[in-house]
Each structure stands twice: as structure tokens, then as C-alpha cells.
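All remarks here apply to the structure that follows.
The values are calculated or read from the model by the stated rules, or taken from the named source; none is laboratory data. Everything numeric in this text was worked out from a predicted model, so none of it was measured. Positions of Cβ are backbone-derived with ideal geometry, glycine not excepted, and every protein chain shown enters the neighbour counts. Quick note on the areas: whole protein, heavy atoms, side chains included, nothing else; ligands and nucleic acids left out. Shrake-Rupley method; radii C 1.70, N 1.55, O 1.52, S 1.80 Å.
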Amino acid sequence: MTPDAAGRLPSPGSSYDVLVIGGGITGAGIARDAALRGWRTLLVEKDDFASGTSSRSSRLVHGGLRYLEHGQLGLVFESSNERRRLLRLAPHLVHPLAFTWPVYRGARLPLWKVNAGVTLYDALALFRNVHRHELLRAAAVQRAEPTLDARHLSGGVRYWDAHTDDARLTLANALDAERAGATVLNHVTVTALRMQGATADGARLRCTLSGAETEVQARAIVNATGPWSDSVRALEGAAARPSVRGSKGVHILVPRERVGNRDALTLLHPDDGRVMFALPAGTFTIFGTTDTYADESPDSVRASAADVDYLLTAANAFFPAAALSRADVVSAWAGIRPLVAASGDTPGAASREHAIEVTPAGVVTITGGKLTTYRIMAAQVVDAVERRLGVRHRCITGTTPLGDDTARREAACTGADSARVDPALEWRFGDLAFAVAHEHARTLGDLLIRRTKLAFERRDNGLGIGPDVARRVAPLLGWTEQDQRAEVERFAEEVRRIFGAGAGA
Ligand code: FAD
């Protein structure tokens, strides 16, 4: 039993207006919106906030230029609007990002078409994107990205989107929900729904750290469990057709100095012409993503050697001097897109729109969507909840800035706590202490995978620093030596689950 878990659960019979199941970006956004409207809200997440798909994305807050090919103009319009809003309301987490799209002779999408696409993209953003796109001659593409293969280059475009830290964006929503009065619990799973006749009116909760259990009542229940939606739906008892279809997406992270890219790039994979990205991430470059329907469990999805090779093929085609091999891959990981079932024959063409449904047991269930559109998805879910509760309040997330703890965290990282956990990477021991004190971090995985990105950016996925970090945070979490050993074991298991044997280990 991990001692910190004692007393985390609500007392038996506690009653809430809204119970939100799932602490990814969707659930955290819904909890924030509901709490800001004044509802007594409980958010429960079975693992850690953003431990599912919401820490495995391409980390883009984007209009979705790619969706124009599939005629999804409404989605691009909505996403562009949300991009503009998040740049304004969360400037500490959402930053403009310039993309170069190099176009080669004979490519599936010729230059005129790409230029027409980005022109439409700017128009759908009402010409209020960070900057307007530019058409580039081949020489200008070369100047912008000197290490890119320049042979057969016919030109390119430069356009703008935004990037974020997906796990931190999710956490910021959960913390804001808490500030607005919600109870937010990570490492607490919903194991059963309490049925009053045919209607769900509460849930059984189990703390996965201590094994303690309790039961709570709720006037409205939201299922925001992304790729797990159907397993939570199964708790209602009745058989239902699947509501989500998982599509697996893989990323690899390599040293940026090997690639030499300056900004982000939009690329067409040389084998199948799929749109993919090269994304700057500090001293690293991320290549992604794949997009394949998968039946793998979202609890253990990870990159296969074939996924890694597919991404390396593209990386080497566009940056031949890099000559990347599997040994250069620092980390590789996968996530499951919770696509609305029956939304397309191929995952790439499947809509990223979301669907909100009230099940026969009265559970408001949301599937699909994107990181970018989480705020508007949340607003619509809370509207649906309010229709059930028969009371309407105004949604204020469209104008309320997202909480910013940067200054507090910086203050906590002064003195001895400014020492870096890994001299080559940006995170300090103070970040870890702050995460335990103020950000609900309870496990080594919380600290090394989601509050920081140490596990993504170290070749050993953080395994080598696990024991030292456990010793440092032990007094803060009340861990005995035995607890520390158990935590190191648990972390190793989580790393195996997410990163596999470790592409670069
Ligand atoms: P999740 O993040 O998976 O959250 C669901 C949560 O529910 C999980 O944390 C899980 O632990 C919890 N849960 C499950 N069962 C229970 C239970 N019984 N009790 C309590 N909790 C439970 N979108 C963008 O806008 N931009 C991008 O760049 C982008 N890139 C992507 C790249 C990839 C490879 C993938 C896979 C997706 C990408 N997306 C992107 C889409 C975006 O990441 C997802 O739409 C979004 O993260 C889904 O969030 P979610 O909260 O619905 O699901």
C-alpha cells in the first residue's frame, strides 16, 4: 500500500452535480467548464491526468490543414477559431509555430494545390492567424531549411499553426477545475456505475494506489474516457454497438542536431504520400505520425519496429545527411485516436469531429475530437448535462484565461532546487517538488513522463534516474525505502508499457 493514497477518496455517499470519468484533455476540459459554471464537480482519472492519448499527440493546436483534402471545412474553421482563442487565453502553453511545406516535382500534391490549400486555410481562419502564409521559391525553401533534400524541389509554402505541451495543457485544465471548486482525483478508477432502475446515478470508485474504495452519487455522469469509452459504457450493463474506433499513431524523437531542421515541416511520406510532420521540440526533432486502425488495448499500445522504420524512411528521404538508424531514436511511443466509430474507411480520412450521445442509462458520452477543439467540446458536453439537469448557466471558458503557475513554479525552483535532474535536459528537482506539492504528482511516472518529459528525452526513458528521483521525493510523498523500491518497479513497468523495450535503449 502506498501511504500517500490514504484519505484521497471522497467520503462514502458524497454527492455531486456532475461526475466526469476520464482525465484526458476532454474530461479535464469538461470538469473545468462545469466547475466554472458553478456545478459541484468530481473528476476521476484511473491513472494520471493525460496518461492516455492526451500525452501522446503531435502536440499541435492546429486548424488541421490536412483535413482540407477530405473537405472537412467546418472542422478546420472551428479548429482555427479555437487555435486563435487558445493562443490568447493560454499564451504560456500555446505558442505559434512556423511550418515549411517543401514541394517536390511529381509529388502527390503539386505546388499550386498546396498554395491553394494554405490560402483557403488562412481564409477559414478569417485571415486572423498569427501570420499569413507565403509562397516560397525553391531557393527560399533551401534558405529556410538548409539541411532538407533540395533535389527536385519545386518550391514550397510557409504557414502558421501552434504547438503546446499536451500533458501540461490537460493538467492546467484539471488544476483550473480544482481552483473553481471541483474535486479532481488522479489514480482513481470508476469500477462500477450505481444504477437506480435503468438510470445511472452514481459510481463506485477505487484508488489504484491504495486499493481503497468508495461510492459517490451524481446527478449527471459524463463518460470522457476517449479510447476506453466502450469499456466504461459496458458498465451500464446493456450491450451497445461500439462508439469508438481506435487509430494508432506513432512518433519518434531524435536529436535535432542530426536533422538540422529549423522549424516545423509538413512532409508527404515517400512510400504512401501521407501527410506527416517533422516538429522541433527543444534539442530534439519529433517525426510523426502513423495512422492505422488498431485493436490494441489503449492501456498497452506502443510503437512497433515497423512503425519506427516507416517514420525513419521519411526522415532519411527528406534529410539524407542525417542517415538516421534505429539506434538514433531516443524514444518512440504510440497513442490511440478515439475516432467516432464508422466515421471513415481509412483512418486518415476518418473525421476528427466529435459526437455527444446520451446513453439509455443517461450517461453523457463524448467520443472523437481533438486536443485543439477540447474547449468547445467541453462547452457542448456541459450544455448537454445542463439539459438533463434542467438549468442553464453561461459558459465562460471562451473568455476566461487558463491558469498560469509558471511564476510560482519558477519561485519554487530557486536555490538548491534549481539543480537539473539530468544535466543535459531542462528539468530541475524544484519542478519535481512543485509537481508533488501543487500538481497532484503521486508516482515516478507522473513526474518523469507527464510533469516533465524526462522519459521521452532520455535514451533509457528515465529508468537510470528513477532510484535517485524516488529518494529525493520520498520525504514529500511519505515513501519508505520499501515504497521507493516498489515505485521504481512500478515506473519500470510503465516505461515498458509506453515505450516498449525502448527503441534507443
Ligand atoms: P484520453 O486522453 O485517452 O483520456 C481518457 C482518459 O480516461 C485516460 O486518461 C484514461 O486513463 C481514463 N479512463 C479510462 N477508463 C477510466 C475509468 N474507468 N475511470 C477513470 N478514468 C478512466 N489532436 C490535436 O488537436 N493536435 C494534435 O497534434 C494531435 N495529434 C495526435 C497524434 C496522435 C498520434 C494521436 C493518437 C492523437 C492526436 N490528436 C491530436 C488527438 C488528441 O490527442 C486526442 O483527440 C485527445 O488527446 C483525446 O483526449 P481524451 O481525453 O478524449 O482521451
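Taking the Cα atoms of region 35-136, what is the range of coordinates along each of the three principal axes, in descending order and whole Å?
56, 27, 26
Per residue of region 25-42, in order, report the coupling 6.51 cos²θ - 1.76 cosθ + 1.60 (Karplus, θ = phi - 60°) as ³J(HN,Hα) in whole Hz, putting x for Gly and Pro.
Here the 3J(HN,Hα) series is 4, 5, x, 5, x, 5, 4, 5, 4, 4, 5, 5, 7, x, 7, 6, 10, 10 Hz.
Give me the mean projected area, in nm² to one decimal, of the convex hull enclosing the Cα positions of region 323-431.
Approximately 13.0 nm², given one-decimal rounding.
With a 1.4 Å probe and every protein chain left in place, work out the accessible area per residue of region 129-175 in Å², rounded to a whole number.
In whole numbers, region 129-175 has 42 Å² accessible per residue.
Ignoring ligands, DNA and RNA, please state the percent of accessible area on region 345-431 from carbon and sulfur, probe 1.4 Å.
Details: 2000 of 3890 Å².
The value for region 345-431 is 51 percent carbon and sulfur by accessible area.
Roughly speaking, to the nearest percent, how much of region 273-317's 1.4 Å accessible area is carbon and sulfur?
56
Which value, in Å², gives the accessible area per residue of region 21-114 when a 1.4 Å probe is used on the protein heavy atoms? Mind showing how you got there, number by number?
Values: 2890 Å² over 94 residues.
Solvent-accessible surface per residue comes out at 31 Å².
What net charge is computed for the residues neighbouring Ala172, neighbours being all others with C-beta under 13 Å from the C-beta of Ala172, Lys and Arg scored +1, Asp and Glu -1? Mind showing how you got there, number by number?
Numbers: positive: Arg32, Arg168, Arg179, Arg375, Arg408, Arg409, Arg450, Arg451; negative: Asp165, Asp166, Asp176, Glu178, Asp404, Asp405, Glu439.
In short, +1.
Can you give the net charge of the other residues whose Cβ lies under 11 Å from the Cβ of Arg451, counting K and R as +1 and D and E as -1?
Once positives and negatives cancel, what remains is 0.
Using the Cα atoms of region 98-176, I'd like the radius of gyration and the largest Cα-Cα distance, Dmax, both in angstrom.
Computed over the Cα atoms of region 98-176, radius of gyration and Dmax are 15.9, 50 Å.
Please list 3J(HN,Hα) in residue order for region 86-95, calculated via the Karplus relation 6.51 cos²θ - 1.76 cosθ + 1.60 where θ = phi - 60°; whole Hz, with x for glycine and proline.
So the J values, rounded to whole Hz, are 5, 4, 7, 8, 9, x, 7, 10, 10, 10.
Quick one: grab Rg to one decimal and Dmax as a whole number for the chain, Cα atoms only, in Å.
In Å, with Rg to one decimal and Dmax whole: 22.5, 70.
Once you wrap a convex hull around the alpha carbon atoms of region 242-377, what is its projected area averaged over all directions, in nm²?
That works out to 9.5 nm², a quarter of the Cα hull's surface.
With charges set only on the Cβ (+1 for Lys and Arg, -1 for Asp and Glu), what does the dipole of region 181-249 come to about its Cα centre, in debye to the nearest 20?
That gives a dipole near 240 debye.
Computing the accessible area with a 1.4 Å probe over protein heavy atoms, can you report the carbon and sulfur percentage for region 1-116?
Roughly 57 percent of what the probe reaches on region 1-116 is carbon or sulfur.
Using 5 Å bins from zero, what percent of all Cα-Cα pairs in region 361-505 falls into each bin?
2, 8, 15, 15, 14, 12, 11, 11, 8, 4, 1, 0
Is it possible to state the helix-based mean residue ellipticity at 222 nm for the chain, with each DSSP H run of 4+ residues giving -39500 (n - 2.57), the sum divided by total residues, to the nearest 500 deg cm²/dmol? What is it?
-9500 deg cm²/dmol
With the other protein chains left in place, how much accessible area per residue, in square angstrom, belongs to region 359-410 at a 1.4 angstrom probe? Please report the intermediate quantities before stating the final value.
Values: 2100 Å² over 52 residues.
That works out to 40 Å² for each residue.
Two-decimal Rg/Rh of region 84-219 from alpha-carbon positions, Kirkwood Rh?
Result for region 84-219 is an Rg/Rh of 1.25.
Check the straight Cα-Cα distances from Lys453 and name the lysines below 27 Å, setting aside those fewer than 8 residues away within the same chain.
By straight Cα distance, Lys453 reaches Lys46, Lys248, Lys370.
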